[in-house]
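Engineer: Sharing a structure below in structure tokens format, with a few things to ask.
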């Protein structure tokens, strides 16, 4: 019955070689293939189950949604896959609650119940926001580390090795600078953050590289900042689209260069259309808005001239079979990165 | 053409490099077979497989093997999925990411866990937290809150604070807690026999109550009970419990506005009906105070019966008796305490002149 002599296809579809030279370089276009109705179905079931279980289902719901969102992304012909489990997220969330929620709740109540303008209220308020910054640093780094370690493409895992302490201290200072300058220093904080996240991220053995500079963004940003009021905030939406494209156009991986054709105007149009969609459907259209945004963004993104032969599974990958997590926040309670 | 005889064309990734290798994939009763040239065919058993996508029969089938490193095979022909399912024994489940619906067992378990957790927080967590916080709230906060409540209350109630009506209560208060800071009193014109302690050391008595009680000892017992509520800071504890409960409900429902609603509700006197647990504590305080002043704890039992008799006459039992422990159980506890009590000496509230003046004034207050 078996016929081992059957021909094995010689050409592999998916990668398009750009060079016939010894090193086969590939151009990979990215695509988001998830649909709004699929996401809506997932969110609807998640919502019901989260209510039925009094909120405890939330981590499983989150894992399910992440599996869909990450699993709907493909590079070349191959999908990314997310392997995070609700159980891991649940344990991470529990740890975060035990450590942060108690003190944050106590400080919040002190703020609420103490006399307005009193020393106690000011002190409690200061402590509350400081703790919130620490929380967000751990959350941002922990979330990236968790998501990266649970995401694979063609069987190769991503990784993130940033440190929450380093990120929190450095980013906190830049955030403070942004506040002091009434937002004018935002490109400095945002670009540093992107740089930190990318240069600490790997695909297998290959580290992402980033050569974007805050100074390149300063001019358009200041212009948008000045136009903020006359344009009712729309200038900033334009800037975010421009900024995303700039960041990707300055990102490299395994010798390849990312290229995004997203523009500020397109981003603004998408944001406007999504706002209208969400508004007229009283929020029900949010799933369609999100998938449209993802599709329009990723379908304009490609990685050109990448040398995939350079990529090897990282040495540590073999042993970490899903649980990993010596670090407190590796449980991935946080999803706001 | 993706299918060659029973074989499907696929791409294989060995988990060490992201470069695809051409593979032929087919199924048999004992597993999934792959041939990646030039190596001989290899078999993946069904229980090693994890389906990443392709369950809907419309997209390429992506399978991973639970191996180290993780191996991947992708078959572009969606029809491969039904071929795979048909080859697998009926009892073997194909592990996959669960689709839209999670396992019912997981949901049931989590729902049970959620209900258990909510109940434990409601039953044990909130009372413990509220009591812990109540002991740390400054007395002046409570006084300010009490002043606001009293102000609101006096706008709607008919206050009958004449010296004749107030004197027996003041005498009892001064004797029961001579060292405490001054107590404020409000007598309201109301037929229902009732008494309650407002936050910030204010005790409210109704004319119905003053009429119902037969002796100065009974009045002292009722006042001692209310002072018991004050001593244990029951009003603060109760509001904190309600606030925490509102916060918990808000958290479950994802609605933060319930917390501010709770804060507003704290300004409502309707929230001043205590739990049975608090009534028992106030009774215990009253019994101890009466004993210290040479009065029998039975005075409290007598007061309860006088109130009950009068309440039957005025209508349904509400207020002072409504949330209290079942009368029989309560009377029994008081009698038990009275048996072991040593009653001796005298006290400052047995002033027959003041008592008679009060009783006389009650008549005119009702007119």
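Engineer: Out of everything in the range A:263-289 that is out of contact with any helix residue (DSSP H, G or I) (no Cβ under 6 Å at 6 or more places or on another chain) and assigned to a loop (DSSP other than H, G, I, E, B), what residue ends up being nearest to residue A:215 (Cα to Cα)?
Structural biologist: Among residues in the range A:263-289 that are out of contact with any helix residue (DSSP H, G or I) (no Cβ under 6 Å at 6 or more places or on another chain) and assigned to a loop (DSSP other than H, G, I, E, B), the one nearest to residue A:215 (Cα to Cα) is A:263.
Engineer: Search the range A:189-211 for residues being within 14 Å of the chain's Cα centre (by Cα) and under 15 Å from residue A:248 (Cα atoms), and hand back the single one that is surrounded by the fewest Cβ atoms within 10 Å (Cβ to Cβ).
Structural biologist: A:193
Engineer: Yes or no: residue B:361 in a helix (DSSP H, G or I), buried (at least 16 other Cβ atoms within 10 Å of the Cβ) and at pLDDT below 85?
Structural biologist: No; evaluated as a whole, the condition is false for this residue.
Engineer: Considering only residues that are surrounded by 14 or more Cβ atoms within 10 Å (Cβ to Cβ) and either modelled with pLDDT under 75 or facing another protein chain (nearest Cβ under 8 Å) (or both), which ones fall in the range A:13-33?
Structural biologist: A:14, A:15, A:18, A:24
Engineer: Here's something else I'd like to know. Checking residue B:136 against (1) within 14 Å of chain A (Cβ to nearest Cβ); (2) farther than 21 Å from residue B:238 by Cβ; (3) not in a helix (DSSP H, G or I), only one condition comes out false. Which one?
Structural biologist: Condition not satisfied by residue B:136: (2).
Engineer: When you look at residue A:123, is it under 20 Å from residue B:244 (Cα atoms) and surrounded by fewer than 20 Cβ atoms within 10 Å (Cβ to Cβ), yes or no?
Structural biologist: On the way: under 20 Å from residue B:244 (Cα atoms): no; surrounded by fewer than 20 Cβ atoms within 10 Å (Cβ to Cβ): yes.
No; evaluated as a whole, the condition is false for this residue.
Engineer: Kindly indicate whether any position in the range A:271-293 is out of contact with any strand residue (DSSP E or B) (no Cβ under 8 Å at 6 or more places or on another chain), within 14 Å of chain B (Cβ to nearest Cβ) and at pLDDT below 90.
Structural biologist: yes
Engineer: Something else now. Mind listing whichever residues of the range A:34-75 are more than 9 Å from chain B (Cβ to nearest Cβ), outside any helix (DSSP H, G or I) and crowded, with 18+ Cβ neighbours inside 10 Å?
Structural biologist: Those that are more than 9 Å from chain B (Cβ to nearest Cβ), outside any helix (DSSP H, G or I) and crowded, with 18+ Cβ neighbours inside 10 Å: A:34, A:72, A:73, A:74, A:75.
Engineer: Continuing with the same structure: Is there a residue being touching a helix residue (DSSP H, G or I) at 6+ places or on another chain (Cβ under 7 Å), facing chain A (nearest Cβ under 9 Å) and buried (at least 20 other Cβ atoms within 10 Å of the Cβ) anywhere in the range B:18-41?
Structural biologist: Yes, some residue in the range B:18-41 is touching a helix residue (DSSP H, G or I) at 6+ places or on another chain (Cβ under 7 Å), facing chain A (nearest Cβ under 9 Å) and buried (at least 20 other Cβ atoms within 10 Å of the Cβ).
Engineer: If I ask for residues that are within 14 Å of another protein chain (Cβ to nearest Cβ), at pLDDT below 75 and in contact with a helix residue (DSSP H, G or I) (Cβ under 9 Å, 6 or more places away or on another chain), which ones from the range B:55-98 would you list?
Structural biologist: Applying the first criterion (within 14 Å of another protein chain (Cβ to nearest Cβ)) to the range B:55-98 yields B:55-56, B:58-78, B:87, B:95-98.
Next cut, at pLDDT below 75 only: B:95-98.
Listed by number, the residues that qualify are B:95, B:97, B:98.
Engineer: Just wondering, is there one or more residues in the range B:44-51 that are out of contact with any helix residue (DSSP H, G or I) (no Cβ under 9 Å at 6 or more places or on another chain), over 18 Å from residue B:79 (Cα atoms) and facing another protein chain (nearest Cβ under 7 Å)? Explain how you work it out, then say what you get.
Structural biologist: Filtering the range B:44-51 down to residues out of contact with any helix residue (DSSP H, G or I) (no Cβ under 9 Å at 6 or more places or on another chain) leaves B:44-45, B:47-48, B:50.
Checking which are over 18 Å from residue B:79 (Cα atoms) leaves us with B:44-45, B:47-48.
Filter once more, so that each one left must be facing another protein chain (nearest Cβ under 7 Å): none.
The answer is no, given that none of the residues of the range B:44-51 is out of contact with any helix residue (DSSP H, G or I) (no Cβ under 9 Å at 6 or more places or on another chain), over 18 Å from residue B:79 (Cα atoms) and facing another protein chain (nearest Cβ under 7 Å).
The values are calculated or read from the model by the stated rules, or taken from the named source; none is laboratory data. Keep in mind that what you see is a predicted model, and the values were worked out from it rather than measured. FYI the Cβ positions are ideal-geometry reconstructions off the backbone, even for glycines, and counts take in every protein chain you see.
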